[in-house]
Each structure stands twice: as C-alpha cells, then as structure tokens.
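The values are calculated or read from the model by the stated rules, or taken from the named source; none is laboratory data. The structure displayed is predicted, hence computed values, not measured ones. Here the Cβ positions follow ideal geometry from the backbone for every residue, glycine too, while neighbour counts run over all protein chains shown. In case anyone asks, the SASA skips ligands and DNA or RNA and just uses the protein heavy atoms, side chains included. Shrake-Rupley method; radii C 1.70, N 1.55, O 1.52, S 1.80 Å.
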Amino acid sequence: MKNILKTILCVIVTITLSILGFALSGESLSNTQSEILKVLLIICGSSALYCFVVGEIARNNSQMDKLWSLLPIAYTWVTTSMAGFDLRLIVYSIIVTLWGIRLTFNFARKGAYKLKFWEGEEDYRWEILRKTKYFKSRIAWAGFDLFFISIYQNALVLAMCLPILACVGSNKPFGALDVVAAILALSALALELIADEQQWKFHKNKKALLIEGKTLNELESPYNLGFNTTGLWGYMRHPNYLGEQSIWIMLYIFVIASGMTNYLIFNWTLFGPMFIVLLFLGSSTFGESISAKKYSKYKDYQNQVFKYLPIKKYHE
C-alpha cells in the first residue's frame, strides 16, 4: 500500500506542476491546436468511460492495457491530419505507430486479445491488489478502477502524446535535430524489441520445462531462478522499461527542434514524458516487491544489478 500511496502522491505533485508550468509559461494554444486538443479529449474521455464500464461489468480491469498501444497511434495521426500532414508530425506519428505495433504484438501473444473483446488475460497485479485488505470492498475497488485505472491512465496516455501537439504550427523546417530525435527514439524502440523477445523466450522455455512435471528448483540454470537474467536482463532489471521511458523522452526532442520552447528546452508538454517516468517508478517498485516474495534469489539480483544502468552483470 505504501508504494501505491507514493505513486498517488507523485501523480498529484506532477499534475500540479504541469498546471503551474502551463500557467507560468505564458503559452497559449493556437486555434488549430485548440481544435485538435478538443478532439483528443473527446477520444480520451470516451476511452476512460469505456474502460471503467466494461472493466467493472466483465471483472477484467485490463481494458486500458488493450488500448494503451492503440490510443497513441490514434492521437498522433489525428493531430497530424488536422494539422495538414507536416513532415515533422508525419515522422513523429510513424515512430509512434511502430512503437504501437510492437507493444500490441507483444501483448497479443500473451493472450490479451479475444474475439469477446472484454475478455483476455488480465494484468496479474490487479488480482493481487484486489485481494489486499484495502480493496476487498467492491466500492473501494470500483473507485480505484475509475480514478486510477480508467481516468488517470487514459489521461497519462494522452499526456505522453501531447508533445506532438506542441509541434503544430512550427515555422522551423525539418532539420538535423529532428533526425537526431528520430534516430534516438528508434534506438530506444530497438532496445524494447530485444528486451521483449528475450523475456518472451525465457518465460516460454521455463513454462515448457514446468509442464514436464519438474519443480522450479529442479530446472537447469537460469530457469531455476524463476526470473530472467539472460541477455539484457543480466545487466539491467528493466531494459524494457528503460526503452519505454526513453522513447517518449526522445520524441520530446522534436518539440525542441520545432522551436516551440521557452528557456531553450521547456514546453508545458514536457510533463507528458515526466508522467511516464513516474508511472514506471511506481510500476517497477510494485512489480519487484511481488517478485521478491515469489523468488528467493530476486533480492540478490536487486543488490547486484541496477534497474536501468548496465554497470554490473548478475552472477548466482
């Protein structure tokens, strides 16, 4: 519960700072930006309502997880089309589309999507949270579902896409800094692709061995650990999270390249990527607390290997 409270506090602080940042920056949206934002807010609000209603009826609270990789594609291409298909916006949208395809594929092969769209694999963490004393009440869980899972996460996905809105109306042509932004974002995407594939193969092989009737301790190394320490995962505890956060931070460089910033790099949409960093701060901490209880050597792994810095390699 402490991790949840810390995350909620971080969310409140960041929302407050984003509002203050927009107010103090003296920036105002153009007519085109305002019209685009209205459409994006309608999509966001409709998605939040859908996630809450369907999630509560189906008792599957991963409805937002299914939309997480699809909404950014919609947001960026809606912005690009309404702004007149500027080259910078097109490149931005293509990168987000590639990101969305990767995440959708990775989520789909885990059984997240079904013909009955309200079904599919639910995030294991929601089930664990529902069993805690704080959320045993249906009303308490419904409140968490409404405000955190449905509203906050939808707002977060919209916020992380808003830097593209800041690029609308720029007089600066597509240039060298845009190319740098694209290369860095695609590099972060490649990191995620590699990490996802290594994680998938590890757990697929581990599951196959367990099906043979063996216990976890009877498995050969490294499967006997229960968690992945192969490839990138031997050097970082969350290479996929590093890639995910980096993509949205690198995409912000397009805003700098567009010249739509104050004080060299500041634009109020910077808070979108900051939200992502906060999300993974809470998500990784909660996920690791579960792994530490589940696997006896996970704390040793935490002590040896950094979350995101590939400084040390894990040794049993």
field: P(r) tail fraction, segment 79-138 - alpha-carbon pairs more than 15 Å apart, %
entry: 69
message: What does the net charge come to around Lys307 if you take all other residues with beta carbon closer than 10 Å to its beta carbon, with K and R at +1 and D and E at -1?
response: 0
message: Ignoring solvent entirely, what values of log10 I(q)/I(0) come out of the Debye formula for segment 40-157 at 0.11, 0.15, 0.17, 0.19 Å⁻¹ when each Cα is a single scatterer?
response: -0.42, -0.72, -0.87, -1.02
- prompt: How high is the relative contact order of the chain, in percent, counting Cα pairs under 8 Å that sit 6 or more residues apart?
  reply: 23
- request: Order Met160, Met260, most accessible first, counting only protein heavy atoms with a 1.4 angstrom probe.
  value: Met260, Met160
message: Please give me, ordered by residue number, the chymotrypsin sites (Phe, Trp or Tyr not before Pro) of segment 122-174 that lie in loop per DSSP and have at most 15 other Cβ atoms within 10 Å.
response: Tyr134
query: Which helices pass in the chain if a helix is a full DSSP H run, must span at least 27 angstrom along its long axis by Cα, and must have mean Kyte-Doolittle hydropathy not below -0.5?
result: 2-25, 31-58, 87-108, 176-211, 271-294
task: With unit charges on the beta carbon (Lys/Arg positive, Asp/Glu negative), name the residue among Ser137, Pro163, Thr104 whose Cα is farthest towards the positive pole of the charge dipole of segment 102-169.
output: Ser137
- prompt: Put +1 on the Cβ of each Lys and Arg and -1 on the Cβ of each Asp and Glu in the chain; which of His315, Gly175, Met250 then has its Cα farthest toward the positive end of the dipole?
  reply: His315
Ellipticity estimate at 222 nm from DSSP helix runs (n ≥ 4, -39,500 (n - 2.57)) divided over the chain, nearest 500: -21000 deg cm²/dmol
statement: The extension gain from Val39 to Ile128, computed as 0.36 nm times the residue separation minus the Cα-Cα distance, is 28.5 nm
field: Coil-residue chymotrypsin sites (Phe, Trp or Tyr not before Pro) of segment 219-316, DSSP, other Cβ within 10 Å capped at 14
entry: Tyr263, Phe306
- request: Could you grab the Rg to Rh ratio for the chain? Cα atoms only, Kirkwood for Rh.
  value: 0.98
- prompt: Which number comes out as Rg/Rh for segment 42-104 once both Rg and the Kirkwood Rh are worked out on C-alpha atoms?
  reply: 1.09
statement: Computed on Cα atoms, Rg of segment 94-249 relative to 2.2 N^0.38 Å comes out at 1.32
query: What dipole magnitude, in Debye to the nearest 20, does the chain give about its Cα centre under +1 on Lys/Arg Cβ and -1 on Asp/Glu Cβ?
result: 960
field: Low-density loop cleavage sites - trypsin sites (Lys or Arg not before Pro) in segment 126-194, where at most 15 other Cβ are within 10 Å (DSSP)
entry: Lys131, Lys133, Lys136
- prompt: Can you tell which of Val91, Asn224, Thr76 lies farthest toward the positive end of the dipole of the chain, using +1 and -1 charges on the Cβ of basic and acidic side chains (Lys, Arg; Asp, Glu)?
  reply: Asn224
field: Separation between Cα centres of segment 240-275 and segment 88-159, rounded to whole Å
entry: 23
- prompt: Mind checking which lysines have their C-alpha under 27 Å from Lys204, skipping anything on the same chain fewer than 8 residues away?
  reply: Lys66, Lys110, Lys114, Lys116, Lys214, Lys293, Lys294, Lys297, Lys299, Lys307, Lys312, Lys313
